[in-house]
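S.K.: Below are the structure tokens for one structure; questions will follow.
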Amino acid sequence: METNEPREAREAEATTLSAKRYDVAPGYRVNVRSGPGTDYRLLKVLPYGARVPINCQQPGEWVNGPYGTSNIWDNIGNGQFIADAYVHTGSDGYVTIRCA
């Protein structure tokens, strides 16, 4: 199948599509921010029952959520972050690479 997309873009898309997805806490509509904190611009709100990929993680603002208090923020897309305290990763720490 021929495509005009650069190879790197196709590989990045394939990685995102095949990445493990994590459940957002039941009963919560989580804010997606442009950076790792509540002072960053609100981009969208995830629906109830959302499942998200975690591309990378980085420290940011401390947040209290249903899965504890954490300063870890999860990158779920290009320039899109959610507080890890709202994501069921099964860990209190990092579950993937740190964002560059």
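The values are calculated or read from the model by the stated rules, or taken from the named source; none is laboratory data. This one's a predicted model, so the numbers in the text were calculated from it and none came from an experiment. So basically every Cβ, Gly included, is an ideal-geometry build from the backbone, and we count neighbours across all protein chains shown. Please note that ligands, DNA and RNA were not included when accessible areas were found on the heavy atoms of the full protein model with its side chains. Shrake-Rupley method; radii C 1.70, N 1.55, O 1.52, S 1.80 Å.
S.K.: Through the Karplus equation 6.51 cos²θ - 1.76 cosθ + 1.60, θ set to phi - 60°, convert the phi angles of segment 84-100 into ³J(HN,Hα) values in whole Hz; use x for Gly and Pro.
M.R.: 5, 5, 10, 10, 7, 9, x, 9, 8, x, 6, 10, 8, 5, 7, 5, 7
S.K.: Roughly how many debye, to the nearest 20, is the charge dipole of segment 20-87 about its Cα centre, given +1 on each Lys and Arg Cβ, -1 on each Asp and Glu Cβ, and no other charges?
M.R.: Here the size comes out at about 280 debye.
S.K.: Per-residue counts of other Cβ atoms within 10 Å, averaged by peptide: what ranking do you get for 58-68, 74-84, 30-40, highest first?
M.R.: 74-84, 30-40, 58-68
S.K.: Continuing with this model, one more query. Over segment 12-100, what relative contact order in percent results from Cα pairs under 8 Å that are six or more residues apart?
M.R.: 29 percent
S.K.: For residue 48 and residue 95 in the same chain, what is the full-extension length gain: residue separation times 0.36 nm, less their Cα-Cα distance, in nm?
M.R.: 14.6 nm
S.K.: Okay, next question. For 22, 48, 94, 86, give the ranking by accessible area with the largest first, probe 1.4 Å.
M.R.: In descending accessible area the options line up as 48, 94, 86, 22.
S.K.: Counting only residues 5 or more places away or on other chains, whose amide H sits under 5 Å from the amide H of residue 43 once H atoms are built in the peptide plane?
M.R.: Counting only residues 5 or more places away or on other chains, the set is 32, 33, 34.
S.K.: What list of ³J(HN,Hα) couplings, whole Hz, do you get for segment 46-54 from phi and the Karplus terms 6.51, -1.76, 1.60, once you set θ to phi - 60° and write x for glycine and proline?
M.R.: Taking θ as phi minus 60°, the curve returns 6, x, 4, x, 5, 10, 10, x, 10 Hz for segment 46-54.
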